[in-house]
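The values are calculated or read from the model by the stated rules, or taken from the named source; none is laboratory data. These numbers were taken from a predicted model, which means no experiment stands behind them. Here the Cβ is made from the backbone with ideal geometry for all residues, glycine too, and neighbour counts use every protein chain on show.
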Amino acid sequence: MEIPWLIILIVFIASAVFATFGFGDALLALPFLTMIIGLQKATPLLAMSGFTLALCLMGSGYKHIQFREAVKLIIGSLCGVPIGVWLLSNMDKHLMQLAVGIVIALISLYNLFKPDLFRIKSDRTAPLFGFIGGILGGAFNTSGPPVVMYGAMRGWTPVMFVGMMQAYFIPTDVFVITGHLQSGLLNGEVFRLYLWCLPFLLLAVWTGHQLKKKMPVDKFRKGIFIIILISGVMLALRSFS
């Protein structure tokens, strides 16, 4: 099998973004990978790589996890994941490509302009945000944005964000990967692509730590979301071809 260098490069760059901010790998990589290998291969590949990254980063925020709140988010997510996996397996390819492009573009616009959100005083709505994240995770492996929005409305501190996001990602990714296995989406070809990417995932974790130390993170983050916005629009437009 020829070494898929372009796929490895995309996964590496997206994984470095994840290691820097704690999320965003699928948002960045999914449009480009979809254009190369299709949505039904890109989504399980990113689920495997995202799970690996979440395990690598888990230790840095463990002490700041609010376990009761995390469990509510996870329960909601577990209910949503099967719906997302079903959509990925059964919906029209062009329609799904249009949907993921629109979702990614809207998420990028939200992160670029950061509208003022009302504050949520309790964790009662956590299952709802987890449920939406689960659907997006099963279909597009982009479960993070609804939880990021929820955390912003709850007023999580930066260290809480790191811990809570990884506490949410790990069980959600396990459930997503299980669903992809059962549906046949995670097959031998996808697993081989993951193995090619694996050494570069570990390198991306180190790269992310270095970026945090040496770069103005806010400007870097803004640039990344501009790229994500453009890629989402491009993917949506390609669905009409």
Quickly run through the range 98-119 and pick out the residues that are touching a Leu at 6+ places or on another chain (Cβ under 6 Å) and among the polar types (S, T, N, Q).
-> S108
Which residues, taken from the range 143-184, are among the hydroxyl-bearing types (S, T, Y) and modelled with pLDDT of 85 or more?
-> S143, Y150, Y168, T172, T178, S183
Considering every residue within the range 206-229, establish whether at least one is crowded, with 16+ Cβ neighbours inside 10 Å and at pLDDT 90 or above.
-> yes
Listed by range, helices (runs of 4 or more DSSP H) wholly within the range 1-81 having at least 2 residues that are of a type in the set (F, W, Y) and in contact (Cβ under 8 Å) with a residue 12 or more places away in the chain are 5-21
Number of the condition not met by A126 [criteria: (1) over 19 Å from T43 (Cα atoms); (2) modelled with pLDDT under 90; (3) of a type in the set (A, V, I, L, M, F, W, C)] = (2)
Looking only at the range 65-78, decide whether some residue is of a type in the set (D, E) and more than 18 Å from G130 (Cβ to Cβ).
-> no
